[in-house]
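**Student:** Have a look at the structure that comes next, please.
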Amino acid sequence: LCPADIACDAALPLIQTMMASTWQQAAAQGRALSLPQAQQFRVCIRFVDPAESRALNQSYRGRDYPTNVLSFTTNMLDEAHCLDLGDLVICGACLVQEAADQGKAASDHFLHLVLHGMLHLIGYDHEFEADAETMESLEVAVLKEVGVQDPYEVIVDE
């Protein structure tokens, strides 16, 4: 169930552009998966409510609160040479609340969460400062390509 604030179908071309750009930039950094026979890539995006997000976050990460996005990597190649990168689970309520709190369009925040999750699916992480800087700089560059402002830019009310 896609949040009403986001036109999910309209976002699909942007997500495809982000996936292609992410893959190219990750490959340039030597971080992409080495499966040259893959001709297509697939990511499943599922929207959940805060209760399910919290339960999944508790089960898989040991954290007892809902979270904006969870990533579950599969990296399975099917007979048609389509690489299933994995699943993204997005809590629509967290997404909408965070966007409002940060003064961002929910649609822009959605694209950021999808990109963030995709980066986790291909091996990026942000547990250490250097890794976080690498991941964030890639997010900023890819989001810029689809017309989304730097998600880490601090918005100051005047």
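FYI, it's all coordinate maths here, none of it is from the lab. All values derive from a computational prediction rather than experimental measurement. With ideal geometry, Cβ positions are generated from the backbone for all residues, glycine too; neighbour counts draw on all protein chains shown.
**Student:** Any idea what the dipole of segment 8-145 comes to, in debye rounded to 20, about its Cα centre with Lys/Arg Cβ at +1 and Asp/Glu Cβ at -1? Kindly include the intermediate steps, with their values, before the conclusion.
**Tutor:** Details: 8 positive and 19 negative charges, 30 e Å.
Computed charge dipole of segment 8-145: roughly 140 debye.
**Student:** From the backbone phi of segment 73-81, what are the Karplus-calculated ³J(HN,Hα) couplings (6.51 cos²θ - 1.76 cosθ + 1.60, θ = phi - 60°) in whole Hz, Gly and Pro given as x?
**Tutor:** 7, 10, 6, 10, 9, 8, 4, 8, 6
**Student:** Can you compute 3J(HN,Hα) from phi for each residue in segment 41-48, using the Karplus curve 6.51 cos²θ - 1.76 cosθ + 1.60 with θ = phi - 60°, rounded to whole Hz and x for Gly and Pro?
**Tutor:** 10, 10, 9, 9, 10, 10, 9, 10
**Student:** From the phi of every residue in segment 92-105, what ³J(HN,Hα) in whole Hz does the Karplus formula 6.51 cos²θ - 1.76 cosθ + 1.60 yield, where θ is phi - 60° and glycine or proline is x?
**Tutor:** 3J(HN,Hα) across segment 92-105, in whole Hz: x, 5, 5, 4, 5, 5, 4, 4, 5, 4, 9, x, 10, 5.
**Student:** With r defined as the distance between the Cβ atoms of ASP131 and GLU79 and R0 fixed at 35 Å, what FRET efficiency is calculated, to the nearest 0.05?
**Tutor:** Values: r = 35 Å, r/R0 = 0.99.
FRET efficiency, ASP131 to GLU79: 0.50.
**Student:** For ILE45, what residues show an amide H to amide H distance below 5 Å, using hydrogens built from the backbone and excluding near sequence neighbours?
**Tutor:** LEU88
**Student:** Something else about it: Collect residues whose amide H, placed 1.01 Å from N in the peptide plane, falls under 5 Å from the amide H of THR74; neighbours closer than 5 in sequence don't count.
**Tutor:** GLY86, ASP87
**Student:** If packing is taken as the average count of other Cβ atoms within 10 Å, what order do 49-60, 121-132 fall into, highest mean first? If you can, show how the numbers build up before the last one.
**Tutor:** Numbers: 49-60: 15.0, 121-132: 13.1.
Listed from highest to lowest mean packing, they are 49-60, 121-132.
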